[in-house]
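Quick notes on the structure that follows.
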Amino acid sequence: MQTSRSFTVPANGQPWQLPLASGRTLTQPVPAADGTGLVLDGVGAFPGASFSAVVIQVDGAPQSDRLALRARYPFAAAAGADAVVDWYQRRMDAAGRDVQRDGQVLNGRTRDGQDWTLVLADREGGGSTGELRVRGTQLAL
């Protein structure tokens, strides 16, 4: 039977850990509120972005030897959505990463095979909100 567990973790810069039945521990990096510690293929968080929490979802069957991990990193920025997407696209291009852009959405894959999506939207009154979604992490236990 497939199970799914979701955890909301404060953005405090401390790694999140989940003890597993196998005796191993699943660890996921968690950025600080200012984005310190969030690095995607050498590209850090947008300057001045603020993070409040990370949502981590773990999927897998209890007797399976593999788990899938997905993480969502919501954030706010003082800059508009187009400026934030432009910034990430330039840095990913400079890092040699292939990204696809559709308006205020970027899609890519990390060097180690994790698919990711960056979604931005302008905020009423100025600035933007965004979410980095990293998925497809397969963990052999």
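Among the listed values (i) -0.76, -1.38; (ii) -0.72, -1.23; (iii) -0.85, -1.30, the one matching log10 I(q)/I(0) by the Debye sum over Cα atoms at q = 0.15, 0.22 Å⁻¹ as calculated from this structure is (i).
Against the main long axis of the alpha-carbon atoms of the chain, helix 81-94 sits at an angle near 70°. Anisotropy class assigned to the range 82-141 is oblate, per the alpha carbon gyration tensor with a/c at or over the 1.5 cut-off and a/b no larger than b/c. For the chain, the 222 nm mean residue ellipticity estimated from helices alone, with every DSSP H stretch of n ≥ 4 adding -39500 (n - 2.57) and the total spread over all residues, rounds to -3000 deg cm²/dmol. When only the Cβ of Lys, Arg, Asp and Glu is charged (+1, +1, -1, -1), the dipole of the chain relative to its Cα centre reaches about 400 debye.
With N counted as the residues of the range 48-112, its alpha-carbon radius of gyration over 2.2 N^0.38 Å works out to 1.43. The label-point distance for residue 100 and residue 115, in a model that sets each label 7 Å from Cα toward Cβ, rounds to 0.9 nm.
We did not get these values from a lab; they are worked out from the coordinates using the rules stated. Fair warning: this is a prediction, and the values are worked out from it, not measured in the lab. Cβ coordinates were reconstructed from backbone atoms using ideal geometry, including for glycine residues, and neighbour counts include every protein chain displayed.
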